[in-house]
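Beneath this line is the structure, given in structure tokens, with notes to follow.
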Amino acid sequence: MSLGDRQVVIAPETKADASARAPVERSLIGEHPTVVKLRTLVERVAATDATVLITGESGTGKEVVARTTHSLSARRNRAFVPVNCAAIPHELLESEMFGHERGAFTGAAGPRHGLFSTADGGTIFLDEIGEMPLQLQAKLLRVLEDGIVRPVGSDRASKIDARVIAASNSDLAAGVKKGSFREDLFYRLQVVPIAIAPLRERRSDIPLLVEYFLERMHARLPGRHWTVSQAAMVSLWSYDWPGNVRELENMVERLVIMCEGDVIDAALLPPGIVATTRASENHVPATLEEGGVNLNAMVRELEGRMINEALRQTGGNKQAAARLLGLKRTTFSAKLRRCGVIAPAGSNWNDES
Ligand SMILES: Nc1ncnc2c1ncn2[C@@H]1O[C@H](COP(=O)(O)OP(=O)(O)OP(=O)(O)O)[C@@H](O)[C@H]1O
Ligand SMILES: [Mg+2]
């Protein structure tokens with residue numbers, strides 16, 4: 001490649017480069033296409049100082065994404081400062097973020113640095129940003145515009161270089177419509193928007209995540225190893241996980257504690273999880289509803305459901321799943337890819353199983 005008269009040589013990746021990239025695979029587990037894309041995006045934004053807005057339901061991994069972005073960035077050796085905007089009382093949030101002067105308000109006995117100062121040179125993670133009061137949103141917008149922070153009750157202002165990553169599990173666009181979130185701040189935050197899919201939309205990652213959490217439990221309790229029976233995995237796959245990855249993580253921990261031997265069986269699962277396995281079995285109506293139906297969408301939905309079901313019943317064995325559906329192996333694989341149900345590499349859900 002030539003840039004004017006200078007030659008730019010792109011060197012092949014060294015082992016050191018590869019190991020510097022390793023954390024993204026180790027901390028953000030998943031092989032579903034949406035997670036693979038997410039990792040690529042995280043790696044790309046980590047190389048910049050752009051403001052990022054991460055959205056996703058509770059427990060989908062917003063903080064994992066924020067921390068991974070920081071740890072892959074040039075700021076990795078400086079502070080990562082999480083601020084939960086919902087947990088700090090509104091009247092204290094401004095001074096927590098920007099600091100305050102002595103006597104700025106009742107109880108402010110001495111001057112104090114804010115979390116933005118702590119994050120100078122590093123990253124500040126503004127979690128649950130939708131809960132930030134409107135008046136403070138205006139101040140944050142100014143800080144994002146010029147990087148200048150003014151402590152409460154002070155006329156001294158200082159320049160701070162903190163990379164801002166924000167997250168929300170509520171619909172900020174709806175907040176803008178309702179008037180509870182500033183539109184200008186909304187656009188300023190989402191220079192790079194990162195949306196994380198709920199776990200029920202990437203079920204093929206469930207076995208991989210279970211394996212990952214079991215390995216972590218093994219590291220905490222060396223000498224013990226667990227496997228999950230096929231019947232239990234069938235139920236874990238089918239459940240909708242409203243609490244997403246966090247709920248799955250807690251469930252694995254609970255199952256390990258309850259498990260007496262080394263096989264986690266379906267009998268250990270709480271009734272709620274086993275019940276959804278049965279409830280999910282027949283959704284597509286057999287009668288033509290008033291006003292008609294979208295047949296193509298229904299057929300696609302049925303196909304996806306049957307593929308999931310066949311994989312569940314066979315513990316992820318694609319050959320057996322194809323046989324159950326009366327499909328050729330290649331047709332089954334093509335349908336799998338179309339439905340976004342892709343077996344994680346390196347697991348026993350792979351092509352050879
Ligand atoms: N892709 C993933 N790989 C490994 N662990 C994950 C992944 N996603 C989430 N987790 C784990 O799930 C738990 C919840 O993740 P995290 O705290 O990042 O979610 P969140 O979206 O910030 O949730 P909340 O909205 O409730 O704050 C954490 O313990 C985290 O380690
Ligand atoms: Mg969080």
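The values are calculated or read from the model by the stated rules, or taken from the named source; none is laboratory data. Note that the structure is a prediction, hence the values are computed from the model and not measured. FYI the Cβ positions are ideal-geometry reconstructions off the backbone, even for glycines, and counts take in every protein chain you see.
Somewhere in the range 312-327, is a residue assigned to a loop (DSSP other than H, G, I, E, B) and either of a type in the set (Val, Ile, Thr) or at pLDDT below 60 (or both)?
Yes.
Please enumerate the residues belonging to the range 140-189 that are in contact (Cβ under 8 Å) with a residue 12 or more places away in the chain, surrounded by fewer than 23 Cβ atoms within 10 Å (Cβ to Cβ) and aromatic (Phe, Trp, Tyr).
Within the range 140-189, just PHE186 meets the criteria.
Could you grab me the full set of residues in the range 131-177 that are in contact with a Phe, Trp or Tyr (Cβ under 6 Å, 6 or more places away or on another chain) and either away from ligand 1 (no atom under 16 Å from the Cβ) or of a type outside the set (A, V, I, L, M, F, W, C) (or both)?
Selection gives VAL149, PRO151, ILE160, ALA162, GLY175, VAL176.
Exactly one condition in (1) of a type in the set (Val, Ile, Thr); (2) more than 16 Å from ligand 1 (Cβ to nearest atom); (3) surrounded by 13 or more Cβ atoms within 10 Å (Cβ to Cβ) is not met by ILE124; state its number.
(2)
For THR40, state whether it is under 13 Å from the mean Cα position of the chain (by Cα), surrounded by fewer than 22 Cβ atoms within 10 Å (Cβ to Cβ) and either more than 12 Å from ligand 1 (Cβ to nearest atom) or farther than 25 Å from LEU214 by Cα (or both).
The answer is no for THR40.
Of (1) modelled with pLDDT of 95 or more; (2) on the phi < 0 side of the Ramachandran plot, GLY61 satisfies all except one. Which?
(2)
Name the single residue, out of those in the range 81-101 being surrounded by fewer than 21 Cβ atoms within 10 Å (Cβ to Cβ) and within 16 Å of ligand 1 (Cβ to nearest atom), that is modelled with the lowest pLDDT.
Selected residue: ILE88.
Output yes when any residue across the range 170-188 is in contact with a Lys or Arg (Cβ under 7 Å, 6 or more places away or on another chain) and within 23 Å of ARG39 (Cα to Cα), and no when none is.
Among the residues of the range 170-188, not one is in contact with a Lys or Arg (Cβ under 7 Å, 6 or more places away or on another chain) and within 23 Å of ARG39 (Cα to Cα), which makes the answer no.
Within the range 52-82, can you find the residues that are within 14 Å of ligand 2 (Cβ to nearest atom) and assigned to a loop (DSSP other than H, G, I, E, B)?
Within the range 52-82, GLY56, GLU57, SER58, GLY59, THR60, GLY61 qualify.
Considering only residues that are charged (D, E, K, R) and within 16 Å of ligand 2 (Cβ to nearest atom), which ones fall in the range 131-163?
GLU131
For ARG75, indicate whether it is in contact (Cβ under 8 Å) with a residue 40 or more places away in the chain, under 23 Å from ALA46 (Cα atoms), touching a Gly at 6+ places or on another chain (Cβ under 9 Å) and charged (D, E, K, R).
Spelling it out, ARG75 is indeed in contact (Cβ under 8 Å) with a residue 40 or more places away in the chain, under 23 Å from ALA46 (Cα atoms), touching a Gly at 6+ places or on another chain (Cβ under 9 Å) and charged (D, E, K, R).
So for the range 88-110 (the condition being touching a Gly at 6+ places or on another chain (Cβ under 7 Å) and farther than 18 Å from SER154 by Cα), does at least one residue qualify?
No, there is no match, as no residue in the range 88-110 is touching a Gly at 6+ places or on another chain (Cβ under 7 Å) and farther than 18 Å from SER154 by Cα.
Here is a list of conditions, (1) modelled with pLDDT under 95; (2) away from ligand 2 (no atom under 16 Å from the Cβ); (3) part of a loop (DSSP other than H, G, I, E, B); (4) not small (Gly, Ala, Ser), and ASP49 meets all of them except one; can you say which number that is?
(1)
Which one of the conditions (1) within 16 Å of ligand 2 (Cβ to nearest atom); (2) touching a helix residue (DSSP H, G or I) at 6+ places or on another chain (Cβ under 9 Å) does GLU128 fail to meet, given that it meets all the rest?
Unmet condition: (2).
Kindly indicate the residue of the range 201-249 that is farther than 21 Å from LYS62 by Cβ and basic (Lys, Arg) and also farthest from ligand 1 (Cβ to nearest atom) among those meeting that condition.
ARG224
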